[in-house]
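For reference, the structure is listed below as C-alpha cells.
Read-outs: derived from the displayed coordinates by stated rules, not from any lab. Quick caveat: nothing in here was measured; it's all calculated off a predicted structure. With ideal geometry, Cβ positions are generated from the backbone for all residues, glycine too; neighbour counts draw on all protein chains shown.
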Amino acid sequence: MDPFLAACRGLPHERTPVWFMRQAGRSLPEYRSIRGTGSILDAIADPGLAAEITLQPVRRYDTDAAILFSDIVVPVHAIGFGVDVVPGVGPVIERPFERTADLDRLRPLDPEADTPYVLETVRALASELTVPLIGFAGAPFTVASYLIEGGPSRTYARTKALMLGDPNLWFALLDRLVDLAVASLRSQVDAGAGALQLFDSWAGALAPPVYERYVLPASRSVFDRIADLGVPGIHFGVGTGEILHLMAAAGSDVLGVDWRVPLDEARRRIGPDTVLQGNLDPAVCLAPIEAVDTAVGDVLRRNGDHPGYVFNLGHGVLPETDPAVLEHVVDLVHAHRPGG
Ligand code: CP3
C-alpha cells in the first residue's frame, strides 16, 4: 500500500512518509521563475501553471504526497465575496463580514461552474502524479476570521466579538462556510484527490471552552460530510496544544500538530493510537545542518515505532528556506524505518 495513505490509516508501510506544508512556493527558485508577479489567485486559475507548481516540490524533494497549489480563500473568492491575496500579507477582504445581510454574499459553491480551473488542475495531476494528491479547504473558523477581520489579525478581536456578541449570526456564518468547505473538498476528491486536509490554522487563538462551543461543531460537520468519500482526512492548526483533544474529536483520521507539542506528549494528551502529522519547527531549517539532523532525529524518536505517522513541518515552509535543507530532511526521514 502507498506509504502516505497507509500511515494515515495507522497501517504498516515501507518508509516513513513525508511532505511539507507550503512545499510549493517562494522557497523554490523554479516557483519564482514561473509564478510571475500577478495575484496568486490568477496563478491558481491557470491549470497548466497550478499543476506545474504542484509538481515542482514533488520532483525536487521526492515527497510522498503532493499538495494542490491553491489557497483557502479560493471558494469565497469564486463566489464573489471580494477577496485578494496580497504578497507578503495574505488574504485581504474588500468589504468585511459584519452583519446578517452579509450572509447573502455567501451563496453555495457550485464547483464545476465556480472553480472549474481547480478541478481541471486536480484531474491533470491525478493522471500525472505517482504519489497521492492532498486536496484541502480552510476550516470554517479560520476562513471566518479572514472574512470578519478583513485580513490577517493578531488578536482576532472582531471575530471573537461577533462570535460572543451575536451567536446566531456566528453560527449562520459557520453553516455557510461548512457548506463551502464540504462542496470544495468533495469536488476535489471527485476529480482525483487522494486525501484531504482541513486547515484551521488560527484555531489556537481560542480557549478550549470557546473552541468547543463555537467552532468544533462546524469542523466536525465538515469531517462528517466527507467521511463517505473514503479518503483520509487531516485536521491541522497552529498553537493548538490546549485544544488538541477537542480537535481530535472532530473526526479526522490524522491530527496535525505544530512544533510546540512534542509528538509523544500529543499522544499522551489524546491517546496512544492517534495518527499524527508533524512537527519539525520550520525555523530549524534555517539553522546549521547539524541542528537540523538533531531536530529531525528528535521528532522521529518521539514518534517511536508508531505506524500512524506522517512527517511534516509544524507549519509551512518559511520563504527563506534553502531547498537543499528540505531535500536533506526528506533523505533523513526516508532513511528511517517505520517501526524501527
Ligand atoms: O504548498 C502548499 O502548501 C500548497 C498551496 C497552499 C497555499 N496556501 C499557497 C500560497 C496552501 C495549502 C495554502 C493554504 C493557506 N492559505 C492557509 C493555511 C495554511 C497555513 O499556512 O496555515 C492560509 C492561512 C492561507 C492564507 C494565505 N495565503 C496566507 C497567510 C498567505 C501568505 C501571504 C504571504 O505572502 O506571506 C497566502 C498566500 C500564499 N498562498 C502563497 C502561497 C504559495 C504565497 C504568496 C504568492 O506566491 O503569491
| field | Stretchable slack from Arg154 to Glu98, in nm (0.36 nm times residue separation minus alpha-carbon distance) | value | 18.3 nm
| Considering only the chain, what is the antiparallel percent among its DSSP beta bridges, to the nearest 5? | 15 percent
| query | In what sequence do Met1, Met163 fall when counting other Cβ within 10 Å, fewest first? | reply | Met1, Met163
| Taking all pairs of different Cα atoms in segment 182-268, averaging 1/r and flipping that mean, what Kirkwood radius in angstroms comes out? | 13.3 Å
| note | Given 18-30, 218-230, 136-148, the highest-first ranking by average Cβ count within 10 Å works out to 136-148, 18-30, 218-230
| Unit charges on C-beta of K, R, D, E only; dipole of the chain, Debye | 600 debye
| query | Stretch Ala249-Ala126 to full length: gain in nm at 0.36 nm per residue minus the Cα-Cα span? | reply | 41.2 nm
| said: Spelling out what I want: for every residue of segment 300-309, take phi, set θ = phi - 60°, compute 6.51 cos²θ - 1.76 cosθ + 1.60 (Karplus), and round to whole Hz; glycine and proline get x. | reply: 5, 5, 6, 6, x, 9, 6, x, x, 7
| Additional length obtainable on full extension of the chain from Arg105 to Arg15, 0.36 nm per residue less Cα span | 27.8 nm
| note | So for R0 = 35 Å, FRET eff. of Glu265-Asp84 from the Cβ-Cβ r, to 0.05, ends up at 0.35
| task | Pull up all non-local amide H partners of Ile67: gap of 5 or more, or a different chain, and H-to-H distance under 5 Å with H placed in the peptide plane. | result | Ile134
| Convex hull per residue volume in Å³, alpha carbons only, for the chain | 117 Å³
